[in-house]
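First comes the structure, then the notes that go with it.
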């Protein structure tokens, strides 16, 4: 409800103001059905199967009404039911419905817990507001296999190693996505231009027109990700030590892209199209150790994952073979790009060769034509890390328990956007290490307000190493003895205190290297958002 009475800044009439009301409601429901079957054959073969379906619907309704003047200058009349005689009335409303339908099944086979094989299939249907009816269905198979070597007779009878469990596994599968599509983006619905009167020497004409909102793309289909994984799991030393390793390769194909270049004579824009492929591959490792000494128990778990990311295909009709990404806060140009042969949304900008004797940046002339323009831009960094890692330590002694957890990344860069040409956000490091005429400070950064500030703000001068390690949580807890809590009809009572996000180790000079953006093209870009909050937490957990 929006009451515009008594001279609201948004009211059209300051003497007798208007009023408006609006209402929106969302109804969501999901219906799922499953049937499972499991049986043992000849005491050695185990077979199981599952069939299922899922249907969901999201229904959004909006309605509004308003008047720009009310009948009396009285709060009792400040509503849409009391319009003035010459009031302009307005109404609006719409209904949005989106549905999803899926069928899926799985068949699994196990022989004496030694050989495992599983196959699955999904059939997903998108709403026709998302994909054209001819391509609304997507079919996504998957298969996996495993071999538990430690259950083989030759292993159990002749095992002279500390190994207690060893398993090899492999999997391949596909899944689909239409997450960035909605509202008939593939269609060419008509839109009308502004109507009006055209005057000439002989006549007056009322003119209006309509045109397709965009070019129609009846071939738009599901974006598909296909992943291959090879892995191994083992345990040793009476299961005190555990280790897991995976090699993965994920290929995303038929990437849905909107930046399509079309002929000018088309007179409108293009619908999205399936126009790109991306490959991610790397290794994942996880290791753990747990042991105890009397009443003292402890465990250590660590993980590490590598990543190599590359755009492998982009339709030549897509912005000339390169998609320009997000812009700086000063809107002086884009600084990220999506291009074949490079990581996704790598940082693209000017390279500072040196500073001249007046403190102005001199940029690298990559084209050799004697001028510095957008064609001289090059890769100056990447938001994707080379690897990420984490470590968790737990311990407990009698009724006390302790936890410490941390994670980090290595090899990722951060583009500092908020510091460019901003008096209120200028980075202290840039100020302290700026060029000065007396030469008393270093010459790491150009002088303030240099003659090439627009290009300098899109250069590698604003790229910093974003590697970090953060201790996410340190927690200490105490559980009261059961002999005490049972007197109060309490099964378990635990008190604890923790420090969250208190310790950060990084060379990044900004507020927080773990920057985020709502836009994918803004990965690794620091817009000066609020940093990760440090917290001191005291808690109580009670179980009856």
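We did not get these values from a lab; they are worked out from the coordinates using the rules stated. On a predicted model such as this, the values are computed, not experimentally measured, just so you know. Glycine also receives a Cβ, built like all others from the backbone with ideal geometry; neighbour counts cover every protein chain displayed.
Only helical DSSP H runs with n ≥ 4 go in: add -39500 (n - 2.57) per run for the chain, normalise by residue count and round the 222 nm mean residue ellipticity to 500 deg cm²/dmol. Intermediate results must be reported in sequence, preceding the final value.
Working: 4 runs with 18 residues, N = 544.
Calculated mean residue ellipticity at 222 nm is -500 deg cm²/dmol.
Once you place label points 7 Å from the Cα toward the Cβ at residue 303 and residue 34, how far apart are they in nm?
Spacing of the two 7 Å Cα→Cβ label points: 2.3 nm.
Take the alpha-carbon centre of the stretch 318-390, take the same for the stretch 27-72, and report the distance between them in whole Å.
45 Å
Taking the Cα atoms of the stretch 473-544, what is the range of coordinates along each of the three principal axes, in descending order and whole Å?
In descending order, the Cα extents are 57, 25, 13 Å.
In whole Å, what are the extents of the chain along the principal axes defined by its C-alpha atoms, from largest to smallest?
106, 73, 61
In nm, what is the difference between 0.36 nm times the number of residues separating residue 24 and residue 95 and their Cα-Cα distance?
So the extension gain works out to 24.6 nm.
How high is the relative contact order of the stretch 357-493? Use alpha-carbon pairs under 8 Å, at least six apart in sequence, and give a whole percent.
Result for the stretch 357-493 is 29 percent.
Determine, at each q value in 0.24, 0.27, 0.30, 0.31 (inverse angstroms), the log₁₀ of I(q)/I(0) that the Debye formula gives when each Cα of the stretch 46-97 is one equal point scatterer.
Computed log10 I(q)/I(0) values: -0.90, -0.99, -1.09, -1.12.
Using only the Cα atoms, work out Rg/Rh for the stretch 210-262, with Rh taken as the Kirkwood radius, to two decimals.
Numbers: Rg = 22.6 Å, Rh = 15.9 Å.
Here the Rg-to-Rh quotient is 1.42.
Note the direction-averaged projected area, equal to a quarter of the hull surface, for the Cα convex hull of the stretch 36-122, in nm². Each step should come with its number before you reach the end.
Values: hull surface 41.8 nm².
Convex hull of Cα atoms, orientation-averaged projection: 10.5 nm².
Would you work out the relative contact order for the chain, in percent, from Cα pairs under 8 angstrom that are 6 or more residues apart?
7 percent.
Which whole-number percentage describes the relative contact order of the stretch 209-323, with Cα contacts under 8 Å and a sequence gap of 6 or more?
Answer for the stretch 209-323 is 25 percent.
I need the calculated FRET efficiency for the pair residue 353 and residue 230, taking r as the beta carbon distance and R₀ as 35 Å, to the nearest 0.05.
0.20
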